[in-house]
Amino acid sequence: MGPRGLLPLPWSQWPAEARLVLGLVALWSLVGVLVLTSASWWVAEREMGDGAFYVKRQVIWMVASWGLLYLGICTNLRRWLRLAAPALLIGGLLIAATLVVGSTVNGASRWLVIGPLQIQPSELVKPFVVLQGAALFSHWRRIGADQKLLWIGVFGVLILLILKQPNLSTAALLGLLLWLIALAGGLSLQLLVGSAAAGGLVGTASILVNEYQRLRVTSFLDPWKDAQGDGYQLVQSLMAIGSGGVLGEGYGLSTQKLQYLPIQSTDFIFAVFAEEFGYVGSVVLLLFLLLFGFVGLRVALSCRSNQQRLVAIGCTTLLVGQSILNIAVASGAMPTTGLPLPMISYGGNSLLSSLLVAGLLIRCSLESSGLEAPRRRRRERQPAPIG
């Protein structure tokens, strides 16, 4: 499809899974821009005087993110794995910096403002958590206790720093992501159960210490008890979803987005989608995520090394899992959190992270087809990089 010089492998030699992932990501990105256009236009027109304000910025970030996806496809996975450790440490320092000089929005310090850019390190660090988690757990039985403790400590500090922002949703997502990678890597049941229990205790402690998180949990249990206060977001989201009916109100015809539904362009954008496309559209979206997860699993099963397999599992889990969590929040299946819907919610940091993860998944599929096999054979006796 493209010149040999622009692709790491001629298009005709791409595995079916790699082609399908690329096609699904392209469709996901296109639908995301269309949904964001509908969700943001009225508010942008009223607040910014330009209905296309958010869409234009999103398209610019989309172009940059697809460039990052291309880089992910064209760069050897071993190079990404070598980069993971320093990138993770730098990301941890930036997350720590948000606690000191970060910009506070809605009571949380998650952003660093650098000129015209807002950087959210907890989003940008996600691909490298996948890579370093795969590097660590794929060789768990062959590395020393010092390396195990070092990286478990690094992951623990990273999650605690994100909790401190506070950002319970992202911390829980990263903890669950690492737990699932460890499970796929074959760690012992005792370690997995123990780590799950510890994570549950930390999450519970965070909810008890932070009043706003505690209020979110109580409002989730009965949002109509304080429908104009703590339960307002969820009540308006449920009204939007319910208003969609079977076939929806039609594209662009949501009424809840007219400043009734808060943060309708980011955390609750699914509610706008559900109102406009209804039950049928929502089911189609869930089936799309199921298809993406199935193809990602096929990529993982075709990988030639355990390390590649865990990267593919981590990438698939991150994109599909975060999407399901976002939908669960908007539909009242779990307490309100601040997770964006990948490739649909407004935000450049989320786009960069999501499309790099998609590029890494495609790269795993390409390498499973024998791409750069001679180089891999020459290095097969060398220990895999874990930092």
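The values are calculated or read from the model by the stated rules, or taken from the named source; none is laboratory data. Everything numeric in this text was worked out from a predicted model, so none of it was measured. Quick reminder, even Gly has a Cβ in these numbers, built from the backbone with ideal geometry, and neighbours come from all protein chains shown. When the accessible area is computed, the model is the full protein with side chains, heavy atoms only, and any ligands, DNA or RNA have been set aside. Shrake-Rupley method; radii C 1.70, N 1.55, O 1.52, S 1.80 Å.
Worth pointing out:
- Extreme residue, most open to solvent (accessible area, probe 1.4 Å), among residues of the stretch 241-261 that are within 11 Å of PHE277 (Cβ to Cβ) and of a type in the set (A, V, I, L, M, F, W, C): LEU247
- Verdict on GLN228 being in a helix (DSSP H, G or I) and either open to solvent by 70 Å² or more (accessible area, probe 1.4 Å) or hydroxyl-bearing (Ser, Thr, Tyr) (or both): no
- Residue check, PRO10 over 30 Å from ILE152 (Cβ atoms), touching a residue at least 40 places away in the same chain (Cβ under 8 Å) and not β-branched (Val, Ile, Thr): no
- Residue in the stretch 68-85 that is part of a loop (DSSP other than H, G, I, E, B) and over 20 Å from the mean Cα position of the chain (by Cα) present: yes
- PHE288 being more than 30 Å from LEU221 (Cβ to Cβ), surrounded by 21 or more Cβ atoms within 10 Å (Cβ to Cβ) and of a type outside the set (Asp, Glu): no
- Qualifying residue in the stretch 258-265 (condition: within 23 Å of SER353 (Cβ to Cβ) and not β-branched (Val, Ile, Thr)): yes
- Residue tally, condition touching a helix residue (DSSP H, G or I) at 6+ places or on another chain (Cβ under 9 Å) and either buried (at least 21 other Cβ atoms within 10 Å of the Cβ) or closer than 25 Å to LEU253 by Cβ (or both), over the stretch 20-70: 32
- Filter result (without any contact (Cβ under 8 Å) to a residue 24 or more places away in the chain and of a type in the set (Val, Ile, Thr)) within the stretch 181-223: VAL193, THR204, VAL209, THR218
- With respect to (1) open to solvent by 30 Å² or more (accessible area, probe 1.4 Å); (2) under 18 Å from CYS74 (Cβ atoms); (3) at pLDDT below 95, the lone exception for SER331 is condition (2).
- Residue check for LEU301: out of contact with any strand residue (DSSP E or B) (no Cβ under 9 Å at 6 or more places or on another chain) and open to solvent by less than 60 Å² (accessible area, probe 1.4 Å): no
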